[in-house]
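Participant: Sharing a structure, written as structure tokens. Questions coming.
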Amino acid sequence: MVNDLYVLMITAGVVSLLFKLMKQPVVLGYIVAGVLVGPNLLGENIVNHENVEAWSNIGVLFVLFCIGLEFRLKNLFESGKTAFVGVFTIVVGMLLLGYGVGRVTGLDNMNAMFLAAMLCMSSTTIVMKAIDEAGWSKERFVKGATSILILEDIIAVVLMVLLSNLATSGNFDAIVMLKTVGVLALTLVVWFVVGILVIPTIIRKARPYLNDETLIIISLGLCMGMVLTAEEAGFSSALGAFIMGMVLAETLESHRIEKLMTPLKNVFAAIFFVSVGMMINPSSLVTYWPAILLVAAVVIFGMITFGTLGCWLGGETLKDSMQTGFSFVQIGEFSFIIATLGNQLGVIAPSIYPVIVAASVLTTFLTPYIMKASVPCYNFLYKHAPVRLRDKIDSREQKVALAEQTAATATETNAPSKADKARHAVRHTFVIKRTVNLFIKNISEKDQLAEEK
């Protein structure tokens, strides 16, 4: 096991360093490292696949836990209609497009559904990195784009649960699916609300006693506890990790927990992506290159179209909408997780996995160049647009600028936002507050008695 970890870390480190020098995302380096140590390139197992798979499963939990930590109710409230309309348009549009492409190319219902789910998720990591490297971190569209990406992650977890149930039952029953969605939604609400009522308050009360070591141990303990709870309830372990991350994101220590978790997440995420690369057979890429190009083209066209349309319908300016849509043109991490799920359940064709991974590598490589093309494309479209459409674009720009100015004024006067009011109402529920205070008081009294003895 130690030998396997040594080979994985050294190979991943060296290859990812080369990719950094080439100014490419390190995720691609991890996948290439997986190809190098996998059984398909040299014809023999350099590392034990079972050990790597066990570590990669832990990696998925840590990645989802950290994604949950990045979830902020405040950001969703501030993004308002943009986030919800945008993510609805993107997900529904890409699901229909992906399913249609799958059926046209000869896939059965199950494979087409898994393919559609893989194509509708962008990569939060790649998008944020590309935005930062392009110097766009302060651009207006980033807040809405981030909220859409977070909602996509939530939907991806829900899709994983639905696809698992679908693969287990073996058939599509609309009533059963609606029942599953209803139970899942109710479970999510109960877990999240109870967690928001109790855990942030306890952590706030215990804050003076929490050093880094204690905080990370408690956070991981809560994460694993929610993972077990989700499994006992019949849902995926990934859902539990994500939910606990969302709950801890509403605590005062969220940024501190996120900082402490980053090294663990990076290590196990690297192992996960290496395990993805280990499943790629380089010879299959030559065989399936038409399918790889088709999937990449579908993702790029679909994300630009539905991303731009969704943000425009959500109230964004055309320029911001296009910048968002042009940023979402890659296949994300959740696509690998869904593909791995399909492989584990034995319900997807062997050809889908290498096609998805190769298309992800291609679209990730193209992302920075496509992003930079968004502004020239907007300028070209605006210049050649009919007068009526141009007037509508200008009117939307003025409306958004006015709303932005109003929000800035409210911030300067320290007026509470809708998100602040919602969190205040939840956190300061009288019964929960009294219960937690009593709990902390009892602990303090016990400690005092113990010291006196």
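The values are calculated or read from the model by the stated rules, or taken from the named source; none is laboratory data. Nothing here was measured: the structure is a model prediction, and the numbers come from that model. Note: ideal-geometry Cβ built from the backbone for every residue, glycine included; neighbour counts use all protein chains shown.
Participant: Would you confirm whether any residue within region 297-308 is at pLDDT below 90 and in the same structural domain as Met160 (by TED's automatic domain parsing)?
Facilitator: Looking for residues that are at pLDDT below 90 and in the same structural domain as Met160 (by TED's automatic domain parsing), one finds none in region 297-308, hence no.
Participant: Only one residue in Val375, Val357, Val329, Val347 is without any contact (Cβ under 8 Å) to a residue 60 or more places away in the chain, of a type in the set (A, V, I, L, M, F, W, C) and either out of contact with any Asp or Glu (no Cβ under 9 Å at 6 or more places or on another chain) or part of a helix (DSSP H, G or I) (or both). Which one?
Facilitator: Unique residue meeting the criteria: Val375.
Participant: Criterion first (surrounded by fewer than 21 Cβ atoms within 10 Å (Cβ to Cβ) and out of contact with any Lys or Arg (no Cβ under 6 Å at 6 or more places or on another chain)) does Ile217 satisfy it? Steps first, please.
Facilitator: Numbers: surrounded by fewer than 21 Cβ atoms within 10 Å (Cβ to Cβ): yes; out of contact with any Lys or Arg (no Cβ under 6 Å at 6 or more places or on another chain): yes.
For Ile217, the condition - surrounded by fewer than 21 Cβ atoms within 10 Å (Cβ to Cβ) and out of contact with any Lys or Arg (no Cβ under 6 Å at 6 or more places or on another chain) - is met.
Participant: So which of Gly59, Gly13 ends up being on the phi < 0 side of the Ramachandran plot, at pLDDT 80 or above and either assigned by TED's automatic domain parsing to the domain that holds Ala269 or not in a helix (DSSP H, G or I) (or both)?
Facilitator: Of Gly59, Gly13, the one residue that is on the phi < 0 side of the Ramachandran plot, at pLDDT 80 or above and either assigned by TED's automatic domain parsing to the domain that holds Ala269 or not in a helix (DSSP H, G or I) (or both) is Gly13.
Participant: Can you tell me which of Gly80, Gly93, Gly43 is modelled with pLDDT of 75 or more and either assigned by TED's automatic domain parsing to the domain that holds Gly195 or not charged (D, E, K, R) (or both)?
Facilitator: Gly93
Matching residues to (1) in the same structural domain as Phe242 (by TED's automatic domain parsing); (2) closer than 19 Å to Asn57 by Cα; (3) of a type outside the set (Val, Ile, Thr):
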{"position": "Phe336", "(1), (2), (3)": "yes, yes, yes"}
{"position": "Thr340", "(1), (2), (3)": "yes, yes, no"}
{"position": "Gly346", "(1), (2), (3)": "yes, yes, yes"}
{"position": "Ile352", "(1), (2), (3)": "yes, no, no"}
{"position": "Thr363", "(1), (2), (3)": "yes, no, no"}
{"position": "Thr367", "(1), (2), (3)": "yes, no, no"}
{"position": "Ile370", "(1), (2), (3)": "yes, no, no"}
{"position": "Ala373", "(1), (2), (3)": "yes, no, yes"}
{"position": "Asn379", "(1), (2), (3)": "yes, no, yes"}
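Participant: Restricting region 256-271 to residues that are β-branched (Val, Ile, Thr) and farther than 15 Å from Ile10 by Cα, which is surrounded by the most Cβ atoms within 10 Å (Cβ to Cβ)?
Facilitator: First, pick out the residues of region 256-271 that are β-branched (Val, Ile, Thr): 257, 262, 267, 271.
Subset that is farther than 15 Å from Ile10 by Cα: 257, 262.
Values: Ile257: 26, Thr262: 13.
Among residues in region 256-271 that are β-branched (Val, Ile, Thr) and farther than 15 Å from Ile10 by Cα, the one surrounded by the most Cβ atoms within 10 Å (Cβ to Cβ) is Ile257.
Participant: A further question on this structure: If I ask for residues that are part of a helix (DSSP H, G or I) and charged (D, E, K, R), which ones from region 100-159 would you list? I'd like the intermediate steps shown before the answer.
Facilitator: To start, the set of residues in region 100-159 that are part of a helix (DSSP H, G or I) comprises 100-104, 109-119, 124-133, 141-159.
Result: Arg103, Lys129, Asp132, Glu133, Lys143, Glu152, Asp153.
Participant: Could you say whether any residue in region 96-110 is touching a residue at least 12 places away in the same chain (Cβ under 8 Å), in contact with a Leu (Cβ under 9 Å, 6 or more places away or on another chain) and more than 17 Å from Gly342 (Cβ to Cβ)?
Facilitator: Within region 96-110, one or more residues are touching a residue at least 12 places away in the same chain (Cβ under 8 Å), in contact with a Leu (Cβ under 9 Å, 6 or more places away or on another chain) and more than 17 Å from Gly342 (Cβ to Cβ).
Participant: Could you check Phe71 against (1) crowded, with 19+ Cβ neighbours inside 10 Å; (2) modelled with pLDDT of 80 or more; (3) in a loop (DSSP other than H, G, I, E, B) and say which number it fails?
Facilitator: Evaluating Phe71 over (1) crowded, with 19+ Cβ neighbours inside 10 Å; (2) modelled with pLDDT of 80 or more; (3) in a loop (DSSP other than H, G, I, E, B) leaves (2) as the failure.
Participant: Regarding Leu294, is this residue surrounded by fewer than 18 Cβ atoms within 10 Å (Cβ to Cβ), out of contact with any Cys (no Cβ under 7 Å at 6 or more places or on another chain), in contact (Cβ under 8 Å) with a residue 12 or more places away in the chain and of a type in the set (A, V, I, L, M)?
Facilitator: Yes.
Participant: Something else: Output the residues belonging to region 272-287 that are crowded, with 24+ Cβ neighbours inside 10 Å and of a type in the set (A, V, I, L, M, F, W, C).
Facilitator: Phe272, Phe273, Val274, Val276, Met278
Participant: Surrounded by fewer than 23 Cβ atoms within 10 Å (Cβ to Cβ), farther than 26 Å from Val52 by Cα and touching a Leu at 6+ places or on another chain (Cβ under 7 Å), is that true of Tyr378?
Facilitator: yes
Participant: OK, next. Among the residues of region 188-218, what is the count of those that are more than 27 Å from the chain's Cα centre (by Cα), aliphatic (A, V, I, L, M) and closer than 16 Å to His255 by Cα?
Facilitator: Of the residues in region 188-218, 1 are more than 27 Å from the chain's Cα centre (by Cα), aliphatic (A, V, I, L, M) and closer than 16 Å to His255 by Cα.
Participant: Something else: Scanning for something at negative phi and either at pLDDT below 80 or in contact with a Ser or Thr (Cβ under 7 Å, 6 or more places away or on another chain) (or both), does region 96-118 turn up at least one residue?
Facilitator: yes
Participant: If you don't mind, there's one more thing I want to ask. Regarding Thr435, is this residue assigned to a helix (DSSP H, G or I) and at pLDDT 70 or above?
Facilitator: Here the answer is no, as Thr435 does not meet what is asked.
Participant: Tell me the residue from Leu178, Leu163 that is assigned to a helix (DSSP H, G or I), modelled with pLDDT under 75 and among the aliphatic types (A, V, I, L, M), please.
Facilitator: On the way: Leu163 fails: modelled with pLDDT under 75.
After applying the criteria, what remains is Leu178.
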